[in-house]
């Protein structure tokens, strides 16, 4: 019974898409957070992940800054705008992720912020 419960939990975690989308209104940059390879459950992550700008055709973007804890971690100047990172390259603990897109007319769009706790592989419990 315990083994069946563990199997069901693992299947559920794998089946649920890991995604956090920014609020979509005229003043925000729509982003998506995805797991490329690794562990993600309950806001805790470990491995390789990406932050991507969605639906850039109507935004007229020329660059996007991807921020970790308010500091620019990567600037992408060509679509598709994406930042791929590995949690091992950052300190363990809570981190805030977001993005700022720059338009050709000089204005900028800010995404919503979201937080994840970066953990080590030793902390992963099944």
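Summary table
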{"read-out": "The lone exception for residue 34 - which of (1) touching a strand residue (DSSP E or B) at 6+ places or on another chain (Cβ under 8 Å); (2) modelled with pLDDT of 95 or more; (3) loosely packed, with under 12 Cβ neighbours inside 10 Å it fails", "value": "(3)"}
{"read-out": "Search result, residues across region 41-61 that are modelled with pLDDT of 95 or more and in contact with a helix residue (DSSP H, G or I) (Cβ under 9 Å, 6 or more places away or on another chain)", "value": "44, 45, 46, 47, 48, 49"}
{"read-out": "Residue within region 104-117 that is surrounded by fewer than 13 Cβ atoms within 10 Å (Cβ to Cβ), touching a residue at least 60 places away in the same chain (Cβ under 8 Å) and under 17 Å from the mean Cα position of the chain (by Cα) present", "value": "yes"}
{"read-out": "Region 83-126: number of residues that are at negative phi and either in contact with a helix residue (DSSP H, G or I) (Cβ under 6 Å, 6 or more places away or on another chain) or outside any strand (DSSP E or B) (or both)", "value": "21"}
{"read-out": "Cross-chain or 6+ apart pairs with Cβ under 8 Å, region 84-97 first and more than 12 Å from residue 120 (Cα to Cα), then surrounded by fewer than 17 Cβ atoms within 10 Å (Cβ to Cβ) and at pLDDT below 95", "value": "96/114; 97/114"}
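The values are calculated or read from the model by the stated rules, or taken from the named source; none is laboratory data. All figures in this text were calculated on a predicted structure; none of them were measured in a lab. Don't worry about glycine lacking a Cβ; one is built from the backbone with ideal geometry, like all the others, and counts go over all protein chains shown.
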